[in-house]
Amino acid sequence: MNGLELKLTRLRALLHAPKPLSLGQYLNLWSFQDGVLVGVNLDYSSVYEIEAENAFFYEPSRLDLFNIQARAFLNSLPPHAVLQFLVQIRRNDNDMLREYRQTALEGAADDWSRTIVQKKCEFIAGKFSQRRRCFLFTTSRTADGKAPMTWLLPIFRRPLKERVR
């Protein structure tokens with residue numbers, strides 16, 4: 001094979017090679033109804049922001065109750081349900097510093113107290129402070145498990161709004 005044939009072969013391979021799918025082909029999203037994401041395969045998903053508590057410091061009776069409640073919640077999930085936890089960590093929690101500064105300076109009338117609070121806030125801002133947000137993603141399928149015929153025309157027996165409920 002000479003150089004020209006090799007270049008033509010490479011050009012043909014580039015033109016006829018499998019193309020990557022568009023972003024829309026990777027997303028399992030067909031509709032958004034009443035705060036619920038409906039996938040093209042009839043998965044229903046919701047996202048909740050949760051406030052996580054540190055159960056490490058619970059007293060034993062409260063820790064036992066927490067374990068019972070968590071177990072009851074997990075056992076009550078429907079079949080084929082998926083729970084995913086996401087913890088988002090961002091640098092510099094400015095809201096926490098602003099809130100601390102407001103509460104600390106409310107009763108401070110003298111300049112000395114204000115200076116101490118200001119220096120403390122500068123010290124905290126210079127360190128690595130974090131803002132954590134916890135999210136719970138829930139995904140479930142319908143009870144009858146009907147799968148769509150195609151990604152454009154899913155099969156429904158009831159209206160989508162009723163199924164989401």
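The values are calculated or read from the model by the stated rules, or taken from the named source; none is laboratory data. Note that the structure is predicted; figures quoted are calculated from it, not measured. What goes into the accessible areas is simple: the full protein's heavy atoms, side chains included, and nothing from ligands, DNA or RNA. Shrake-Rupley method; radii C 1.70, N 1.55, O 1.52, S 1.80 Å.
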### Task
Could you tell me what fraction of 2.2 N^0.38 Å the Cα radius of gyration of segment 39-137 comes to, as a two-decimal ratio?
1.63
#### Entry: 1.4 Å probe accessible area per residue over segment 35-81, in Å²
77
### Message
Over the Cα atoms of segment 1-94, what radius of gyration and what Dmax do you get, in Å?
### Response
25.4, 82
